[in-house]
1. Taking 29 Å as the cut-off for C-alpha to C-alpha distance, list the pairs among A:LYS60/B:LYS57; A:LYS68/A:LYS100; A:LYS77/B:LYS11; A:LYS49/A:LYS108; A:LYS60/A:LYS105; A:LYS52/B:LYS11 that go past it.
2. Taking loop as defined by DSSP and a crowding limit of 14 other beta carbons within 10 Å, which GluC sites (Glu not before Pro) in segment B:14-115 fit?
3. Can you tell me what the convex hull of the Cα atoms of the protein assembly as shown projects to on average, as an area in nm²?
4. Need one number: nm distance between label points at B:ALA54 and A:THR70, each 7 Å from Cα along Cα→Cβ, rounded to one decimal.
5. Among DSSP beta bridges lying fully in chain A, give the percent that are antiparallel, nearest 5.
6. Just add up the charged neighbours of A:LEU109: K/R +1, D/E -1, any other residue whose Cβ is under 11 Å from the Cβ of A:LEU109.
7. Report the extension gain between B:VAL74 and B:LEU39 in nm, rounded to one decimal, defined as 0.36 nm multiplied by the number of residues separating them, less their alpha carbon distance.
8. Please report the buried accessible area for the interface of A with B, total over both chains, probe 1.4 Å, in Å² to the nearest 100.
Amino acid sequence: GDSVTQMEGPVTLSEEAFLTINCTYTATGYPSLFWYVQYPGEGLQLLLKATKADDKGSNKGFEATYRKETTSFHLEKGSVQVSDSAVYFCALSAQGGSEKLVFGKGTKLTVNP
Amino acid sequence: GAGVSQSPSNKVTEKGKDVELRCDPISGHTALYWYRQSLGQGLEFLIYFQGNSAPDKSGLPSDRFSAERTGGSVSTLTIQRTQQEDSAVYLCASRSRLAGYNEQFFGPGTRLTVL
């Protein structure tokens, strides 16, 4: 079945450091890809998405590019802030049917001042 | 407008008891999902409702789990004869089914602890 693998961390960075969280997937067909974020004490929310190959999703300074040839969707940010401390989940959904989300295990990011 | 709401926010129960968890989706959203977030298994899909169609129950872990959605709106997830491994945060999400991409909006979750 479909699956998502992401680096589990935890990841600890200093403010203004560069962030990469790796994510690869296994799926039949052409899934849509997502990054969700869960800030401390808050619910899960969509950070960015890409629905076809070579699409780049971006939001709040974060970016990820849908790479079909490497089945990857790595999350990057050029300069992290303390407020980016959260748990990040990579996810996919197959097109059609329920379009349920299949999540990676999550990566906890802590950014220190 | 109001987001997805879930109740209770926390539930502590004894092993063997039945529990009911409630989800109120965003008004007008016809699709509703239940997921479970646990330390061991991460975030897992449980069940999906879309309008009057038969639900996709493929993620339910055992026959102790069931869910219903009344009137195409509120949904209840029921766990019978709870076990300690059922301890988790149960998340509900809803989305519209308009043409094009539609985001799933998540509720705050119900934290279930089985003693």
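1. A:LYS60/B:LYS57; A:LYS77/B:LYS11; A:LYS52/B:LYS11
2. B:GLU14, B:GLU103
3. Details: hull surface 51.0 nm².
Taking the Cα atoms of the protein assembly as shown, their convex hull projects to 12.7 nm² on average.
4. 4.3
5. 90
6. +1
7. On the way: separation 35, 0.36 × 35 = 12.60 nm, distance 2.73 nm.
That pair, B:VAL74 and B:LEU39, stretches by 9.9 nm at full extension.
8. Using a 1.4 Å probe on protein heavy atoms, the buried area is about 1400 Å².
The values are calculated or read from the model by the stated rules, or taken from the named source; none is laboratory data. Just so you know, these numbers come straight off a predicted model, no measurement behind them. Note that each Cβ is placed from the backbone with ideal geometry, even for glycine, and that neighbours are counted across all protein chains shown. All accessible areas refer to the heavy atoms of the entire protein, side chains included, with ligands and DNA or RNA removed. Shrake-Rupley method; radii C 1.70, N 1.55, O 1.52, S 1.80 Å.
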